[in-house]
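I have a structure I would like to understand better, so I am pasting it below and will then ask my questions one at a time.
The values are calculated or read from the model by the stated rules, or taken from the named source; none is laboratory data. Not measured: the values here are computed from a predicted model. Glycine gets a Cβ as well: all are built from the backbone with ideal geometry, and neighbour counts include every protein chain shown.
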Amino acid sequence: MWSFEFCFVLTYFVVLCILSIYGAHRFVMATLYRIHKKDIPKPDGQFEVLPPVTIQLPMFNEKYVVERLINAVVCIRYPKDKLQIQVLDDSTDETQEIARNAVAKKAEEGFNIVYIHRENRSGYKAGALDEGLKTATGEFVAVFDADFIPQPDFLEKTVPFFVNEKVGMVQVRWEHINREFNTLTRTQSVLLDGHFVIEHTARNRSGRFFNFNGTAGIWRKSTIGDAGGWQHDTITEDLDLSYRAQSKGWHFIYINEVTTPAELPVEMIAFKTQQHRWAKGSIQVAKKILPGLLKSKLPFKVKTEAVMHLTSNVCYILMVILSLMMPLTVTYRVRISWMASLWVDLIMFICASFSVMMFYLLAQKEARKQSFWYRLCYLPVVMSLGIGLSINNCRAVLEALFNYKTGFVRTPKYGVQKAGDNWKMVKYGFKLNWQPWVETAMGIYFIWGIIHAYSIGAYVSVPFLCAFCAGYLYVGLGTFFGRSGLFSKKKPLDVVA
């Protein structure tokens with residue numbers, strides 16, 4: 001009969017093998033990017049008469065950035081008589097007054113701009129966008145979240161693609177106005193560059209599905225209706241609508257060469273909230289979309305990539321299991337004389353980690369003009385942050401799998417653009433939950449694992465144990481010592497709902 005230790009170690013290898021498959025998928029994405037990066041999409045022509053366009057600005061309690069957004073949107077180059085701007089404000093605080101005044105001022109300057117306020121936040125952002133569509137006069141509808149600063153040439157670069165009547169949506173790349181603000185924003189920018197520069201380009205140009213990111217994109221209005229409209233049975237309405245529309249035969253365009261700047265979260269707890277929403281929403285969409293998509297007549301490459309894309313966050317459950325097992329596995333291998341199998345760990349970790357490291361190095365090489373060594377120095381932080389998010393995102397995935405309902409918790413922005421900007425006493429904040437305690441405890445658990453592995457001569461395991469330890473402590477202690485955390489001297493005035 002197999003011993004408990006043998007079964008334990010075998011389970012550990014199965015988990016590690018599955019994670020390696022998802023890690024290797026990054027290599028596939030990087031390869032597809034290299035093959036197709038020069039296949040830059042071009043419009044089929046130009047409109048003889050420019051079509052009417054509506055720009056929607058959904059927001060909720062964004063007092064620090066609402067004026068910045070409106071001022072940027074009215075600078076977009078497009079005939080005033082063909083452009084409608086909708087400020088879709090669900091706010092419950094002074095954002096209402098700020099937005100109303102800004103809209104009134106721009107209306108006096110001759111812009112077709114309207115303010116729409118809902119007392120009931122039904123459907124959250126999806127509900128607001130749907131409400132705006134009822135009075136939208138544009139044939140095409142662009143969307144910008146409150147933390148974005150669209151460039152003046154946004155419509156000039158995107159609208160011509162709709163000359164092709166099969167094109168339903170055009171997405172541009174996110175850029176980051178406060179990338180250099182702190183370590184967290186630098187690390188986030190690396191993660192997002194991987195998603196936008198590599199994944200979006202690879203998927204779109206190789207004929208696979210990719211998704212509208214909720215902002216910095218423009219839709220054909222009829223595409224939204226044909227795909228079933230904005231629905232709010234998931235908390236990632238953008239991902240949901242994207243798959244429904246492409247399954248209907250609509251073509252999407254991704255323009256990696258055009259960017260729209262945005263503000264990144266500057267505190268750990270805000271970043272975790274954002275990641276929780278994205279992770280949970282992707283699993284909700286997977287449950288909703290994949291059964292029908294897999295039964296469809298879509299190409300095999302579309303189906304397989306959809307599975308990898310929509311289910312990738314399940315890896316966070318496996319990461320938590322792996323984290324709990326890793327230090328104990330070293331001990332059990334000593335007991336069953338499997339110390340040599342530590343080299344198998346090394347090979348599998350290298351296979352998974354190398355593909356991820358190459359993926360992000362390539363993204364930075366393509367998106368930035370920095371030296372190789374500058375790009376390389378952030379990779380350990382990127383890897384550790386991904387590990388440290390495991391508890392947070394595992395919870396999100398489990399909530400989605402078991403249909404646990406939560407509201408749409410938006411990520412507040414503070415108008416932070418450069419180092420030195422004061423944000424610590426802004427109004428919006430978060431309440432702490434149990435997660436940072438568990439994350440910190442996991443970090444301490446790995447400290448024990450490092451000491452124990454070293455004491456029994458399992459030196460091959462020590463670097464990996466250190467990476468997990470650093471990740472959990474960075475995220476856990478980063479939450480505690482953030483502005484909204486337990487050890488913050490001053491509390492924010494309000495809590496995000």
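Taking Val426, is it under 21 Å from the mean Cα position of the chain (by Cα), among the hydrophobic types (A, V, I, L, M, F, W, C), modelled with pLDDT under 75 and not assigned by TED's automatic domain parsing to the domain that holds Gly214?
Against the criterion (under 21 Å from the mean Cα position of the chain (by Cα), among the hydrophobic types (A, V, I, L, M, F, W, C), modelled with pLDDT under 75 and not assigned by TED's automatic domain parsing to the domain that holds Gly214), Val426 does not qualify.
Next up: What number of residues within the range 60-76 satisfy the criterion of being touching a helix residue (DSSP H, G or I) at 6+ places or on another chain (Cβ under 6 Å) and on the phi < 0 side of the Ramachandran plot?
7
Hey, can you tell me all the residues within the range 168-179 that are closer than 15 Å to Ala367 by Cα and in a loop (DSSP other than H, G, I, E, B)? Please lay out each step first, then the result.
Filtering the range 168-179 down to residues closer than 15 Å to Ala367 by Cα leaves 172-177, 179.
Passing the criteria: Ile177, Arg179.
Right, here's the next one. When only residues in the range 253-268 that are surrounded by fewer than 24 Cβ atoms within 10 Å (Cβ to Cβ) and touching a helix residue (DSSP H, G or I) at 6+ places or on another chain (Cβ under 7 Å) count, which is farthest from Lys405 (Cα to Cα)?
Taking the range 253-268 and keeping what is surrounded by fewer than 24 Cβ atoms within 10 Å (Cβ to Cβ), we get 253, 255-262, 265-266.
With the extra rule that they be touching a helix residue (DSSP H, G or I) at 6+ places or on another chain (Cβ under 7 Å), the set shrinks to 253, 255-256, 258, 260, 265-266.
Details: Ile253: 33, Ile255: 35, Asn256: 35, Val258: 36, Thr260: 32, Pro265: 24, Val266: 27 Å.
Across the range 253-268, the extreme among qualifying residues is Val258.
Let me ask you something else. For Leu184, all conditions in the list (1) at pLDDT below 95; (2) closer than 30 Å to Lys134 by Cα hold save one; what is the number of the exception?
(2)
From the set of residues in the range 356-387 that are surrounded by 15 or more Cβ atoms within 10 Å (Cβ to Cβ) and basic (Lys, Arg), which is modelled with the lowest pLDDT?
Taking the candidates together, the pick is Arg375.
Also, I was wondering about something else. Whether any residue in the range 286-298 is within 19 Å of Phe162 (Cβ to Cβ) and not assigned by TED's automatic domain parsing to the domain that holds Thr406 is what I want to check.
No: the range 286-298 contains no residue that is within 19 Å of Phe162 (Cβ to Cβ) and not assigned by TED's automatic domain parsing to the domain that holds Thr406.
Is it fair to say Ile198 is in a strand (DSSP E or B) and among the aliphatic types (A, V, I, L, M)?
Judged against the criteria, Ile198 is not a match.
Output the residues belonging to the range 1-47 that are over 17 Å from Thr329 (Cα atoms), part of a loop (DSSP other than H, G, I, E, B) and free of Cβ contacts under 8 Å to residues at least 12 places away in the same chain.
Result: Met1, Lys38, Lys42.
Considering every residue within the range 293-316, establish whether at least one is buried (at least 19 other Cβ atoms within 10 Å of the Cβ), touching a Cys at 6+ places or on another chain (Cβ under 6 Å) and not in a loop (DSSP other than H, G, I, E, B).
Scanning the range 293-316 turns up at least one residue that is buried (at least 19 other Cβ atoms within 10 Å of the Cβ), touching a Cys at 6+ places or on another chain (Cβ under 6 Å) and not in a loop (DSSP other than H, G, I, E, B).
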